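Asks: Let me give you the structure first, and then I'll get to my questions.
The values are calculated or read from the model by the stated rules, or taken from the named source; none is laboratory data. Just so you know, these numbers come straight off a predicted model, no measurement behind them. In this analysis, Cβ positions are derived from the backbone assuming ideal geometry, glycine residues included, and neighbour counts consider all displayed protein chains. Areas reflect the complete protein model, heavy atoms only, side chains present, ligands, DNA and RNA absent. Shrake-Rupley method; radii C 1.70, N 1.55, O 1.52, S 1.80 Å.
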Amino acid sequence: MNVVYSDRYQVDIGAHVFLTEKYVRVRDGLLARNLVRAAEIVEPEPARWNELALVHATEYLEKTRSGGFRASELALLELPWSPPVAEGFRLMAGGSVTAARLAAEAGGRLRGPEADGRRAGAEKRLAAAANLGGGFHHAFPSHGEGFCLYNDVAVAIRALQRDGVITRAAVVDVDVHQGNGTAFVFDGDPTVFTFSIHQEHNYPHPKPRGSLDIGLDDGAGDREYLEALARALPTVVDSRPDLIVYVAGADPFREDQLGGLDLTFEGLRDRDNLVLSTARDAGVPVVIVLAGGYARRVEDTSAIHIATIEEAIRLGA
Ligand SMILES: [Zn+2]
């Protein structure tokens with residue numbers, strides 16, 4: 001499976017609950033376990049300014065470029081600004097665009113004429129690619145918040161729509177925090193279905209309505225989570241997306257410092273299997289982005305992300 005990654009995803013944001021070293025750990029873990037070969041890792045280009053402008057306002061982009069943020073804006077963003085930080089986030093946005101293209105291409109190969117010979121009697125395979133970063137679903141067109149500078153999820157969808165690669169898309173956002181920025185961007189757009197399953201009594205407040213929102217009670221565990229997810233996924237498929245963006249946050253984990261759900265490692269793996277096997281069965285390619293994850297032990301966060309990629313590979317990506 002193609003994975004997109006750069007060492008420059010790890011940026012210095014000072015003492016922070018968001019440890020950008022998780023990206024390096026995920027890459028290292030995938031290589032160490034032979035899940036991904038070094039040759040399959042694609043180094044991204046930063047998102048182009050005209051791609052970012054498909055989602056973000058010109059004035060906002062100028063601030064992200066030059067650092068002209070007020071203190072109150074940085075407080076909302078919960079990130080320090082520096083040129084390497086801004087470039088790291090722009091690079092991760094470019095990574096999501098690249099990974100989305102690779103996922104769509106993989107889907108084309110599985111559907112294309114050269115696949116016909118192999119198709120008879122063969123098991124269905126998942127078409128997927130991953131960005132080992134991204135998932136910054138709290139960024140809005142004109143402001144950033146909650147560690148999210150650019151909404152790479154929305155940028156990737158808009159860039160592929162602009163280029164005619166896809167017409168319709170769906171977002172499956174399983175991060176413990178509702179995907180407020182993404183819901184806002186695609187509000188009223190019939191071509192993009194936004195689904196978020198999250199902890200209701202947690203950031204963000206308020207929660208702009210997406211196409212389908214499930215807000216779980218504090219402390220919801222594996223069973224409750226998986227039942228709700230299983231009920232929702234057919235509705236996502238019914239929206240007939242050409243691509244699913246899987247915002248695979250690790251923060252529904254019971255040990256997460258910013259989450260209040262009670263999912264186990266096994267529950268999170270079942271979650272990934274449910275989403276990815278649903279996409280495989282529907283023949284919809286998936287681009288995976290990592291999003292949040294703030295476990296007390298950073299190795300738990302990276303293990304959850306690695307398991308997501310492993311599950312995609314197991315399903316044939
Ligand atoms: Zn989160």
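Asks: Over all directions, what mean area does the Cα convex hull of region 123-214 project, stated in square nanometres? Mind showing how you got there, number by number?
Replies: Numbers: hull surface 28.3 nm².
Averaged projected area of region 123-214's Cα convex hull equals 7.1 nm².
Asks: Taking N as the number of residues in region 245-317, what value does Rg over Cα atoms divided by 2.2 N^0.38 Å take?
Replies: Values: Rg = 12.0 Å, N = 73, 2.2 N^0.38 = 11.2 Å.
Dividing the Cα radius of gyration by 2.2 N^0.38 Å gives 1.07.
Asks: Out of the total accessible area of the chain (probe 1.4 Å, heavy atoms of protein only), what percent is carbon and sulfur?
Replies: C and S atoms contribute 49 percent here.
Asks: For a quick protection proxy, order the peptides 148-155, 86-93 by their average other-Cβ count within 10 Å, most packed first. It would help to have the intermediate numbers written out before the result.
Replies: On the way: 148-155: 29.8, 86-93: 24.5.
Most protected by this proxy first, the peptides run 148-155, 86-93.
Asks: Ok, one more. What does the charge add up to near Glu145, with Lys and Arg as +1, Asp and Glu as -1, over the other residues with Cβ less than 10 Å from its Cβ?
Replies: Result for the neighbourhood of Glu145: -2.
Asks: Let me ask you something else. Can you give the local net charge around Glu200? Use residues other than it whose beta-carbon is closer than 10 angstrom to its beta-carbon, Lys and Arg +1, Asp and Glu -1.
Replies: Local charge sum for Glu200: -2.
Asks: How charged is the neighbourhood of Phe136? Take every other residue with its Cβ under 13 Å from the Cβ of Phe136, and add Lys/Arg as +1 and Asp/Glu as -1. Please list the in-between numbers first.
Replies: On the way: positive: Arg90; negative: Glu78, Glu145, Asp152, Asp173, Asp175.
Net local charge, Phe136 excluded: -4.
Asks: For region 235-317, build the charge dipole from Cβ charges (+1 Lys, Arg; -1 Asp, Glu) around the Cα centre, then report which of Val284, Ala307, Phe265 sits farthest towards its positive end.
Replies: Val284
Asks: Taking the square root of 5 times each eigenvalue of the Cα gyration tensor, what semi-axes in Å does the equivalent ellipsoid of region 1-48 have, largest first?
Replies: Calculated on Cα positions only, the semi-axes equal 21, 15, 6 Å.
Asks: With point charges of +1 on the Cβ of Lys and Arg and -1 on the Cβ of Asp and Glu, referenced to the Cα centre of the chain, which listed residue (Val172, His201, Ala75) lies farthest in the positive direction of the dipole?
Replies: Val172
Asks: In addition: Stokes-Einstein D for region 198-297 at 37 °C, 0.692 mPa s, Kirkwood Rh over Cα pairs, in µm²/s?
Replies: Estimated via Stokes-Einstein, D reaches 231 µm²/s.
Asks: Grab the alpha carbons of region 15-117, take their convex hull, and tell me the volume per residue in Å³. Could you put the intermediate results ahead of the total?
Replies: Values: hull volume 15.3 nm³, N = 103.
So the per-residue hull volume is 148 Å³.
Asks: To the nearest 0.05, how large is the calculated FRET efficiency for Asp218 and Arg296 if R₀ is 25 Å and r is the Cβ-Cβ distance?
Replies: 0.85
Asks: Mind ranking 175-187, 214-226, 289-301, 20-32 by how tightly packed they are, going by the mean number of other C-beta atoms within 10 angstrom, highest first?
Replies: 175-187, 289-301, 20-32, 214-226
Asks: Order the peptides 302-314, 94-106 from the highest to the lowest mean number of other Cβ atoms within 10 Å of their residues.
Replies: With the highest mean Cβ count within 10 Å placed first, the list reads 94-106, 302-314.
Asks: What accessible area per residue comes out for the chain, rounded to a whole number of Å², with a 1.4 Å probe?
Replies: Result: 41 Å² of accessible area for each residue.
Asks: What FRET efficiency would be calculated for the residue pair Arg33, Ser66, taking the C-beta separation as r and a Förster radius of 45 Å, to the nearest 0.05?
Replies: 0.60
Asks: Quote the convex hull volume per residue of the chain, based on C-alpha atoms, as a whole number of Å³. Write out the running numbers ahead of the final one.
Replies: On the way: hull volume 38.5 nm³, N = 317.
Cα convex hull per residue, to the nearest whole number: 121 Å³.
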